[in-house]
Amino acid sequence: MSAATASGPNGTTQRIVKGAFAVVAGLAGPSPAAAASADELQKQGLRVLAVAAGPAAAMRLVGLIALSDPPRADSAALVAELIGLGVRTVMVTGDAPATALCVARAVGLEGAICPVGPIPEVVRPETFAVFAGVLPEDKYKLVKAFQKGGRVVGMCGDGANDAPALRQAQIGIAVSTATDVAKSAAGMVLTAPGLGGIVAAVKEGRVTYQRILSYTLNSITKKIVQVLFLAIGLVMTGHAILTPLLMVLIMITGDFLGMALTTDNVRPSPSPNAWRIGNLTIAGVVMGTGELAFCVSVLAFGDYRMGFGIGALQTLAFVAVVFGNQATTYTNRERRRLWSSRPSIWLMISSIADLLIASTLAIGGIAMTPLPASIVAATVVAAMVFAILMDLVKVPVFRRLAIT
């Protein structure tokens, strides 16, 4: 509330108070008619202020002020989109419960209203959809209570009294019309009206997560292949199966794909993400073991069936690793079937460039012993078949490990 003292021409003094109906009514005394009018207005979603005036010890209600602050037309759709993304959304307001409930239902927030009063030290966002009659300091306490329950909290606000809660939240979001104090306390400032920026930020963060996840899976997969394939090749042939130059060429071609993955077309995660390093490592080991089996099979075919010398076997190992990396890159990039989404243009260009470089070097005998074109082509076909088979294994493994 706010108050002022005024003196009349005759020297009489009276106090004038304006503020929340419940507070002002408590100073001016009960008025059933005013309470009924206020309740009716609040149920219409209006913010109701009361005005009282008179001697400090005997003030009386003189009127009500109803303010309309309707939600934006796009609010309901954006809240529904956030809920669909697995973001539990609650409304926190200083307005009366009846007003808050009307607005909450208008934007699609379903659930109970927290009883007006001190915020509990531990409260779960699933318990209540609306927190009404909240004091500025209670917003900070509410963020802390959610965090104590292990939640990652985003707080959206606009006023100076929101600053402590904006600072406490893992991601404080100031709206475009927020005060400078709120913008300084926030971690993100929206530049356009509405909640569209919040939805866009959530999606962009999850797209970034998916790209990092694909890169990490690829790294684990390829490290397993590089280390174990060298050891197995040494046992099979009695020689180093990859020369230092061939290893450098493999790293260069692999870097093309790694850089292109940062531009890949990915879908935002359907639900909030959490890094499960153990599960991610298991998935990488499974994919790496599959690629290792492919490379060893190609090497065994060249050694035992075709009778290649060590020079040709080294070239064949180079080709097998490059083509195997291509196969697992495409299986790792998609959490569902590998054909569920179209790769980015840069990823496809990098793949074609890798295939052409590796094939040209192997067939032309540039920096390595030449291989027949038919052998290189057969290895490409074998890599395609391997990708399809590995995809059949990947989907249930990823599902079981909750990699989505």
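So here's what we get for this one:
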{"quantity": "Candidates Thr12, Thr243, Thr262, ranked by Gaussian network fluctuation over the chain, Cα under 10 Å, top entry", "calculated": "Thr12"}
{"quantity": "Theoretical gain in end-to-end length, Trp346 to Ala373 [0.36 nm per residue, Cα-Cα removed]", "calculated": "7.1 nm"}
{"quantity": "Cα centroid separation, the stretch 375-404 to the stretch 218-257 (Å)", "calculated": "19"}
{"quantity": "Kyte-Doolittle mean at least -1.0 and Cα axial length at least 27 Å: DSSP H helices in the chain", "calculated": "196-237, 277-300, 310-332, 345-364, 373-400"}
{"quantity": "Mean separation of Cα contacts under 8 Å, 6 or more apart, over the residue count of the chain: relative contact order %", "calculated": "10"}
{"quantity": "P(r), alpha carbons of the stretch 93-218 - 10 Å bins starting at zero, rounded %", "calculated": "13, 35, 38, 11, 3, 0"}
{"quantity": "Helix-derived mean residue ellipticity, 222 nm - over the chain, DSSP H n ≥ 4, -39500 (n - 2.57), to 500", "calculated": "-18000 deg cm²/dmol"}
{"quantity": "Cα-projected label distance for Glu204 with Lys148, points at 7 Å along beta-carbon direction, nm", "calculated": "3.4"}
{"quantity": "Full-extension gain in nm, Thr177 to Arg211, via 0.36 nm per residue minus C-alpha separation", "calculated": "8.9 nm"}
{"quantity": "Solvent-accessible area per residue for the chain (1.4 angstrom probe, square angstrom)", "calculated": "50"}
{"quantity": "Histogram of C-alpha separations across the stretch 215-294, 5 Å bin width, %", "calculated": "3, 13, 17, 21, 20, 12, 7, 4, 2, 1, 0"}
{"quantity": "P(r), alpha carbons of the chain - 10 Å bins starting at zero, rounded %", "calculated": "4, 17, 20, 15, 12, 10, 9, 6, 4, 2, 1, 0"}
{"quantity": "Under Karplus coefficients 6.51, -1.76 and 1.60, residue-wise ³J(HN,Hα) of the stretch 115-122 in Hz, glycine/proline x", "calculated": "x, 5, x, x, 6, x, 5, 10"}
{"quantity": "Potential extension, Val248-Arg88 segment - 0.36 nm per residue separation minus Cα distance", "calculated": "52.7 nm"}
{"quantity": "Subset of Lys18/Lys144; Lys183/Lys203; Lys141/Lys203; Lys139/Lys183 violating a 24 Å alpha-carbon distance limit", "calculated": "Lys18/Lys144; Lys141/Lys203"}
{"quantity": "Rg over Rh, two decimals, the stretch 1-88 (C-alpha only, Kirkwood Rh)", "calculated": "1.22"}
{"quantity": "Separation of alpha-carbon centers, the stretch 275-310 and the stretch 171-203, rounded to whole Å", "calculated": "48"}
{"quantity": "Antiparallel content of DSSP bridges confined to the chain, in %, to 5", "calculated": "65"}
{"quantity": "The chain - percent of accessible surface contributed by carbon and sulfur, probe 1.4 Å", "calculated": "65"}
{"quantity": "Simple spin-label estimate for Leu228 and Thr404 in nanometres, 7 Å along Cα-Cβ", "calculated": "2.9"}
{"quantity": "Label-point gap, in nm, between Ala112 and Thr360 - each point 7 angstrom along Cα→Cβ", "calculated": "7.0"}
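The values are calculated or read from the model by the stated rules, or taken from the named source; none is laboratory data. Not measured: the values here are computed from a predicted model. Reconstructed Cβ throughout: ideal geometry from the backbone, glycine too, with neighbour counts over all protein chains shown. Surface accessibility is based on the protein's heavy atoms, side chains included, excluding ligands, DNA and RNA. Shrake-Rupley method; radii C 1.70, N 1.55, O 1.52, S 1.80 Å.
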